[in-house]
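Since every read-out is calculated from the coordinates, none of them should be taken as a lab result. Keep in mind that this is a model prediction, so the values were computed, not measured. Heads up, the Cβs are rebuilt from the backbone with ideal geometry, glycines too, and the neighbour counts pull from every protein chain shown.
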Amino acid sequence: MTRPPFNSNLARVIVREIPENLRLVSWMNVLSAIATATLLWLVQAATEATQNDGQPGLRLVLMYVVTITLFGISHNVTLVTASHDAERLIHGFRLRLFDAVRRSDLVTVEKIGRAALNGVLVQDTQALGSILPLLVIGAQQAVMLVFLALYLAWLSPIACVMAFGFAGLAVAVRYARMHGFRKQLMETVAAEADVFDGLTDMLRGFKEVRMSRTRADALTQAIGKASARACSVNIATKTQWGRNFSLIEVMFYTLIGLMVFVVPLLTTDFHTVAVPVTTAALFIVGPVSTVSFVTPMLTQAEMSLANIEAMEKRLREAAGPAVTEAEAEAQQEGGFDNPTTIALSGARFAYRDARDNPIFSVGPLDASFHAGEITFITGGNGSGKSTMLRLLTGLMPLDEGALQVDGRPVPPAAMQQWRDNISAIFSDYHLSRRLYGVGPVTDADAAPLLKRLEMQDKVSIDEGCFSTTSLSTGQRKRLALVVARLEDKKVIVLDEWAADQDPHFRKIFYEELLPELRAMGKIVICVTHDDRWFHLADRAYHMNEGRLEKMDHAAPNHASAY
């Protein structure tokens, strides 16, 4: 069942996502606030009893113990429950975002970019997770202020009005000053990001940095400038924070002065409640400080939630309506379990800029690929070979034309069902250490393949994981081919796989591995520049500036059985 998209209102999201504990937290907040007000009254009663009788008495002691126990329990339940619920809430957000990412199309994900996705998936979710418990604390303190206000009003209405009027002014001042503070925080994040980018360039390009003193000096200087800027912004931010904090502290001590020096001038009977009123005012300082600190965080939480909501909406709109496996099978009766022919017919696709203007297009593309055959695709860099593979594998939607399997068009709803029949090793293939989705695999299962690819002395498989992936690019591509063989899918796509192999293994790839795949009845599609082995292909195509041409070459047809 598809869950509804995020609601931009934080309160409604909390009510919807964690309703089972909301009532518990609310009642614990009230109980904690009542306990705090009761403790204040007991302190005052004990003080008066000590002044009058020399000791507070056992009854007050027992009441204090019971009250502080209730406070501790309710406060602990509130914080622990809020922390647990916050983590579960963030966990739910992440799962929904992960699901939106995996269902989105490649074009959208590439347009958004890794940095933006990481910002939402990591930073915004972490920020929301850390802020939510603080908001619960702020709500708890706000409830406490209500009961303290009632107690203070019972003691002295004038003192209550003055105290909470002044406290409201303090919160308003802090909130107003937070606008500039938030701007400085954003500048801090940007400055730290520049430092991180520089460090990433140094660490990932360490060999290139070491190869040139000029490059190393320039990069170090750039990192130094970014760090100096971050230092300057951080100093300004912390200075502003210090000033805000000091101002609030001064205002609270001013409040105490008002209680002691001004309120007595406004009432004739203040001397009878001077001590309890002053004590209550001191009790108010903490909750008001907390509320004034937490209130601006509501804006930050809403911003993070809005970022998450906008990202999910963008990803889901790109993916289109969610389609269940049963619906996909119904739309593509028979499935693609044993395809014998793949065809692109009049296929077109265009990359577009932010204004939806085409910047590079491919097509029309007309090609066919058959079981038990090796098909080579050639072409220069930027000719559109990788784009064609993405269209063929259903990673990007066609603007025009059709992708057909065994003569039947593949509808968008069945595209994932089609992709499930393909093992693809793209030129920028990412090799995961764990063999996700391959099924239970032991070292014994993979040993023949590792040996065939001359990796048996470098890597083993234990509990579904490679022992290491810290290998050369060519060796990682060999492990990727091991994964593809273990998946044993009907279609195998190899995007310049041999480009990273040494001459010895390149020869093995073309003269042994590809023929083995053909003999297994696979549909083998191989992007290559190695014209030395073109004669081994059953058919070949050439990409040139987005156009596909069939190459006029005659290789023996090994597919008669298919």
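Tabulated values for the structure
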{"quantity": "Taking the convex hull of Cα positions in the stretch 32-173, its mean projected area over all directions (nm²)", "calculated": "12.3 nm²"}
{"quantity": "Helix 274-319 axis, angle to the chain major axis (alpha carbon atoms, nearest 10°)", "calculated": "20 degrees"}
{"quantity": "Table column - 3J(HN,Hα) (Hz), the stretch 471-479, Karplus curve with 6.51, -1.76, 1.60, x for Gly and Pro", "calculated": "9, 5, 4, x, 5, 5, 5, 5, 5"}
{"quantity": "Normalised contact order of the stretch 330-550, rounded percent, pairs of Cα under 8 Å and 6 or more residues apart", "calculated": "32 percent"}
{"quantity": "Degrees between helix 157-204 axis and first principal axis of the chain (Cα, 0 to 90, nearest 10)", "calculated": "30 degrees"}
{"quantity": "DSSP beta bridge pairing in the chain, given as percent antiparallel to the nearest 5", "calculated": "55 percent"}
{"quantity": "Alpha carbon convex hull of the stretch 330-550, projected area averaged over orientations, nm²", "calculated": "12.9 nm²"}
{"quantity": "Whole-Hz ³J(HN,Hα) from phi, Karplus 6.51 cos²θ - 1.76 cosθ + 1.60, for the stretch 458-466, glycine and proline x", "calculated": "10, 9, 10, 10, 9, 6, x, 10, 5"}
{"quantity": "Among 67, 156, 101 - extreme Cα towards positive end, dipole of the chain, charges at beta-carbon", "calculated": "156"}
{"quantity": "Using a Förster distance of 30 Å, the FRET efficiency for residue 80-residue 200 (Cβ separation, nearest 0.05)", "calculated": "0.20"}
{"quantity": "Residue pairs, from the table 451/477; 111/522; 385/507, whose Cα atoms sit over 25 Å apart", "calculated": "111/522"}
{"quantity": "Gained length - residue 91 relative to residue 215, 0.36 nm times residue gap less alpha-carbon distance", "calculated": "40.4 nm"}
{"quantity": "Local net charge near residue 476, Cβ-Cβ under 13 Å (Lys/Arg +1, Asp/Glu -1)", "calculated": "+2"}
{"quantity": "Burial order of peptide ranges 350-357, 489-496, 87-94 (average beta-carbon count within 10 Å, highest first)", "calculated": "489-496, 87-94, 350-357"}
{"quantity": "Normalised per residue, the volume of the convex hull around the Cα set of the stretch 452-528 (Å³)", "calculated": "90 Å³"}
{"quantity": "About the Cα centre, charge dipole magnitude for the chain (Lys/Arg +1, Asp/Glu -1 at Cβ), debye", "calculated": "1140 debye"}
{"quantity": "Chymotrypsin sites (Phe, Trp or Tyr not before Pro) lying in DSSP loop within the stretch 428-475, provided at most 10 other Cβ fall within 10 Å", "calculated": "436"}
{"quantity": "Net length gained if the chain between residue 516 and residue 27 were fully extended (0.36 nm per residue, minus Cα distance)", "calculated": "169.1 nm"}
{"quantity": "Nearest 10 degrees, 0 to 90: helix 213-257 Cα axis against the chain principal axis", "calculated": "20 degrees"}
{"quantity": "Neighbour-count order for 259, 455, fewest beta carbons within 10 angstrom listed first", "calculated": "455, 259"}
{"quantity": "Proxy reagent accessibility, fewest Cβ within 10 Å first, across 160, 526", "calculated": "160, 526"}
{"quantity": "Ranked list, fewest to most other Cβ atoms within 10 Å of each Cβ, for 532, 103", "calculated": "532, 103"}
{"quantity": "Qualifying aspartates and glutamates (Cα of each under 14 Å from Cα of residue 490; at least 8 residues distant if same chain)", "calculated": "337, 373, 406, 420, 516"}
{"quantity": "Point-to-point label distance, residue 47-residue 222, nm (Cα→Cβ direction, 7 Å offset)", "calculated": "6.3 nm"}
{"quantity": "Violating pairs (Cα-Cα greater than 31 angstrom) within the set 458/489; 238/313; 489/550; 458/550; 313/489", "calculated": "238/313; 458/550; 313/489"}
{"quantity": "Charge dipole of the chain about the Cα centre (unit charges at C-beta), most positive-ward option of 298, 252, 494", "calculated": "252"}
{"quantity": "Relative contact order (%) - criterion: Cα under 8 Å, at least six apart; region: the chain", "calculated": "15 percent"}
{"quantity": "Interatomic Cα distance distribution for the chain, bins of 20 angstrom, percent", "calculated": "15, 36, 26, 16, 7, 0"}
{"quantity": "Kirkwood hydrodynamic radius of the stretch 421-479, Cα pairs, Å", "calculated": "12.0 Å"}
{"quantity": "Segment residue 231-residue 169, length gained on full extension (0.36 nm per residue, minus Cα span)", "calculated": "19.1 nm"}
{"quantity": "Estimated FRET transfer efficiency (residue 547, residue 432; beta-carbon r; R0 30 Å; 0.05)", "calculated": "0.25"}
{"quantity": "Computed label-point distance, nm, for sites residue 454 and residue 107 using a 7 Å Cα→Cβ extension", "calculated": "4.2 nm"}
